[in-house]
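A short worksheet on the structure shown next.
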Ligand SMILES: [Zn+2]
């Protein structure tokens, strides 16, 4: 390219996306003189879902700004908590994030998840159709124009992924109200009404309290592993919500 030269500085949180030589503060960049700043940022490897305020010489500009010679561009990380206007906050997770999906559901957060790989176009279309924030660690998927909203999941460890998503979007927590298997909502259940689906030992030992309105799976008190209780209490302590 033989266009204007700008300088560029990327927020520390976003440096994992850019080439190694761009991670240390301010670097020079030759642009083509016609591309928008949004395009320039994306071409550096930063998904636009992760770019927050863009500053030129200290002042905020739109992504459609075409950088000119000598401008100093700073790319901030997206603000936390991030507001997603236009629809109730709900998520769609890609095929690699099953554990995160189940943990979000455990906390009552609407988290659709496809356990089969339906492909990037279908996932993006689903995000658009149901207005779900697409969560993924796949930058290519997050670059798809048709997604309604998206967010990169920064860690590959489920407990860090959960803190990342809860801290970023601050969803309302309602533990034990959603089916961890299918994302359906739970309704109070009477033990006698569901006794047919319980094994005898279970029926004697536990009190049934809920049944999934979508898949009919039965939930009972006392059957939760200690680590699920811990996930719930840790999340509620740090991110709020009513503990059940
Ligand atoms: Zn269910």
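Please treat every number below as a calculation from the coordinates, not as lab data. Computed from a prediction, not measured in an experiment: that's the story for all the values here. Every residue, glycine among them, receives a Cβ derived from its backbone with ideal geometry; neighbour counts consider all protein chains shown.
Treating the Cα atoms of the stretch 103-158 as identical point scatterers in vacuum, please give the log10 of the normalised Debye intensity I(q)/I(0) at q = 0.15, 0.18, 0.21 Å⁻¹, two decimals. Values returned for q = 0.15, 0.18, 0.21 Å⁻¹ are -0.42, -0.61, -0.83. Semi-axes of the equivalent ellipsoid of the chain are 45, 17, 14 Å, computed as sqrt(5λ) over the eigenvalues of the C-alpha gyration tensor in descending order.
Compactness ratio for the stretch 1-69: Cα radius of gyration over 2.2 N^0.38 Å (N = residue count) comes to 1.02. The distance from the alpha carbon centre of the stretch 65-121 to that of the stretch 22-43 is 23 Å, rounded to a whole number.
Once the Cβ-Cβ distance between residue 238 and residue 34 is put in as r, and R0 is 35 Å, what FRET efficiency do you end up with, to the nearest 0.05? Calculated value: 0.15. The distance between label points at residue 207 and residue 159 comes to 3.1 nm (points 7 Å beyond Cα on the Cα→Cβ vector).
With the Kirkwood sum run over all distinct C-alpha pairs, the stretch 141-219 has a hydrodynamic radius of 15.5 Å.
Simple spin-label estimate for residue 62 and residue 229 gives 5.5 nm between the two label positions (7 Å along the Cα-to-Cβ direction from each Cα).
Figure legend: label point modelled 7 angstrom from the Cα of residue 145 along Cα→Cβ; residues of the stretch 26-57 with amide N under 14 Å from it are 36, 39.
Using only the C-alpha atoms of the stretch 1-141, find the volume of their convex hull and express it per residue in Å³.
Values: hull volume 19.2 nm³, N = 141.
So the per-residue Cα hull volume is 136 Å³.
Starting from the Kirkwood radius over alpha-carbon pairs of the stretch 85-179, derive D by Stokes-Einstein at 25 °C in a medium of 0.890 mPa s and give it in µm² s⁻¹.
187 µm²/s
Among 42, 116, 146, determine the one that fluctuates most according to a GNM of the chain built with springs between C-alpha atoms less than 10 Å apart. Looking only at 42, 116, 146, the largest GNM fluctuation is found for 116.
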